[in-house]
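The values are calculated or read from the model by the stated rules, or taken from the named source; none is laboratory data. These figures come from a predicted structure and were not determined experimentally. Please note: Cβ atoms are built from the backbone with ideal geometry, for glycine as well, and neighbour counts cover all protein chains shown.
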Amino acid sequence: MTQVLRSVVTGVGGYLPDEIVTNDDLAKIVDTSDEWIIERTGIRRRHRAAADQAVSDLAVEAARKALEAAGRTPQDVDLIIVATTTPDLTFPAAATIVQRKLGCPVGTAFDLQAVCSGFVYALSVADGFVARGRARCALVIGAETMTRLMDWTDRGTCVLFGDGAGAVVLEPQTGEGTTADRGLLGFALRADGTKQDLLYVDGGVSTTGQIGHLRMQGNQVFRHAVVNISEAIFAAAKDAGVEVGEVDWFIPHQANQRILEGVARRVGIDESKVVTTVSEHANTSAASIPLAWWQAVQDGRIKPGQLLLLEAMGGGLTWGACVVRF
Ligand code: ACO
C-alpha cells in the first residue's frame, strides 16, 4: 500500500439568516404564485440576509459551526477560501474579512469566484494545499447574499435565489491510497465561457462600475444542466476510482428540484439517496452544497465514512463534481 496524504472533511457547518421570504410574499411584488414556483422549481421559501449583514457575517457563522464540529478553534486555521459571487467589498477578499472576524492567525486567505460551482472548485483548490502538506486546518466556505443581485421586477429570476452560508473544515490525514480512505477522492471541474449569455450579472467593476442584476435564460440553463452535470459526475467518479452506484449520498447544488432529480435519474442514483433542501432555502449559489451537507449531518442521515457525491453548475457556465469519503 502507498501511503498518501488526504484532505479529510472533519467538520461541517451552516447558517441561514433569520428572515424568511415565502412564495406568497413574492407574489405580492411580481406576477407569480406559490403553485407555479413549487411546480417548476420545488422552492417554498428562501432566507434573506438583514440589511446590516454582509456575506462575511454569514460565512463566519457557518465557519464557527464547522470548526466546533471538527473540534478546532479559529487559532488552528491556516487557510481560508471563501467561494462567493457576492463579496462584502470589491476588495479585500471576503476570506480576509472572515479571518479577521474569527480571529485567526496570519495564514492564507482568498476568495474564489465560480458562481454556483464555487464550492466544488474551492474544495479542489484547498485539496492542493492540504493534501500537499501546505495547510493543516483549512476552512472552505460557500457564502452568498444572492438576494442583493436580484432584479425584483423579473419574476423569472427573483423567485429562485436566497442567502446563506455553509462551511467545511479540511485537515490532512494519511490514507492507504485506496477508495476506502477518508477524504477528497476525485474531481471533475469544467467551464465553457461561450455560454456566458445564458447566466450572468449585467454589471461589474471594470464595465459599468455598478453591481448589476442577475440575468438568466432559465430554460436554456436548464437544458445544459442535466447533460453537463452528468458527464462531470461520471468523470469525477472515474477520477476517484469508484462507481456512481457505490455512492451513499448524492448532494447536488440546490437550484431546482427538477434539475437535481433529472441528474440523479440520468446517472442512476436512487431518489432515496438524494439530499434535497432547495424547498427550504432556494438557490444559495456556492453555499447550497455545504448547507445541504450540514443539514443531512445534523438530521443523522450522513455519517462519517460514507461516500458522498457533490455536483454543481453555475454562471460561466461553470460546472463540476467531487467524490468524497466523509
Ligand atoms: N411565475 C410565473 N410565471 C413565470 C415565472 C414565475 N416566477 N417565471 C417565468 N414565468 C413564465 C415565463 O414568463 C413564461 O411565460 P410565457 O410563456 O408567457 O412567456 C413561462 O413561465 C415559461 O417560461 P420558461 O422560462 O420557459 O419556464 P420554465 O419551465 O423553463 O421554468 C425556470 C423557468 C424555473 C427558471 C426554469 O427554467 C429553471 O429552473 N431553469 C434553471 C435555472 C437555474 O436553475 N438556474 C440556476 C442554475 S445555475 C445557478 O445556480 C446560478
Review point. Residues that are modelled with pLDDT under 95: which strands (runs of 3 or more DSSP E) entirely in segment 1-108 hold 1 or more of them?
Key: none
**Study point:** Residue check, ILE289 within 28 Å of ALA49 (Cβ to Cβ) and aliphatic (A, V, I, L, M)
**Key:** yes
Practice item. Say whether the condition of being more than 16 Å from the ligand (Cβ to nearest atom) and in contact with a helix residue (DSSP H, G or I) (Cβ under 7 Å, 6 or more places away or on another chain) is met by at least one residue in segment 315-322. Key: yes
Check your understanding: Out of curiosity, is PHE234 surrounded by fewer than 18 Cβ atoms within 10 Å (Cβ to Cβ), in a helix (DSSP H, G or I), among the aromatic types (Phe, Trp, Tyr) and within 12 Å of the ligand (Cβ to nearest atom)?
Key -> no
Exercise for review: Scan segment 203-231 for residues that are within 14 Å of the ligand (Cβ to nearest atom), at pLDDT 95 or above and farther than 13 Å from ALA255 by Cβ and jot them down.
Suggested key: HIS213, ARG215, GLN217
Point to revise | Flag if THR277 is under 13 Å from the mean Cα position of the chain (by Cα), among the β-branched types (Val, Ile, Thr) and within 19 Å of TRP319 (Cβ to Cβ) | key: no
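Residues are listed down the side, and each one gets a yes or a no for (1) out of contact with any strand residue (DSSP E or B) (no Cβ under 6 Å at 6 or more places or on another chain); (2) on the phi > 0 side of the Ramachandran plot; (3) in contact (Cβ under 8 Å) with a residue 60 or more places away in the chain:
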{"residue": "ARG48", "(1), (2), (3)": "no, no, yes"}
{"residue": "ALA54", "(1), (2), (3)": "yes, no, yes"}
{"residue": "ALA62", "(1), (2), (3)": "no, no, yes"}
{"residue": "ALA66", "(1), (2), (3)": "no, no, yes"}
{"residue": "GLY71", "(1), (2), (3)": "yes, yes, yes"}
{"residue": "ILE80", "(1), (2), (3)": "no, no, yes"}
{"residue": "ALA94", "(1), (2), (3)": "no, no, no"}
Review point. Does GLY133 fit the bill of being away from the ligand (no atom under 16 Å from the Cβ), in contact with a Gly (Cβ under 7 Å, 6 or more places away or on another chain), over 30 Å from LEU199 (Cα atoms) and touching a residue at least 60 places away in the same chain (Cβ under 8 Å)?
Key: no
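So that you can scan it fast, the table gives a plain yes or no per residue for (1) among the basic types (Lys, Arg); (2) more than 16 Å from the ligand (Cβ to nearest atom); (3) within 19 Å of the chain's Cα centre (by Cα):
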position: ALA50; (1), (2), (3): no, yes, no
position: GLN53; (1), (2), (3): no, yes, no
position: ILE80; (1), (2), (3): no, yes, yes
position: ALA83; (1), (2), (3): no, no, yes
position: ALA95; (1), (2), (3): no, yes, yes
position: ALA126; (1), (2), (3): no, yes, yes
Practice item. Evaluate the following for ILE302: is it outside the structural domain of LEU149 (by TED's automatic domain parsing) and within 16 Å of the ligand (Cβ to nearest atom)? Key: no
Revision key, fill the gap. Checked segment 214-228 for anything under 17 Å from GLN196 (Cα atoms) and in a helix (DSSP H, G or I); matches are GLY218, ASN219, GLN220, VAL221, PHE222, ARG223, HIS224, ALA225, ASN228
Practice item. State whether the residues of segment 181-202 include one that is surrounded by fewer than 17 Cβ atoms within 10 Å (Cβ to Cβ), away from the ligand (no atom under 16 Å from the Cβ) and among the small types (Gly, Ala, Ser). Key: no
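Look through ASP163, ASP154 and report the one residue that is of a type in the set (Asp, Glu) and either crowded, with 22+ Cβ neighbours inside 10 Å or at positive phi (or both).
ASP163
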Exercise for review: Output the qualifying pairs, or none if there are none: Cβ atoms under 8 angstrom, residues six or more apart or on different chains, first residue in segment 308-326 and under 13 Å from GLY183 (Cβ atoms), second residue within 16 Å of the ligand (Cβ to nearest atom) and among the charged types (D, E, K, R).
Suggested key: CYS322/GLU311
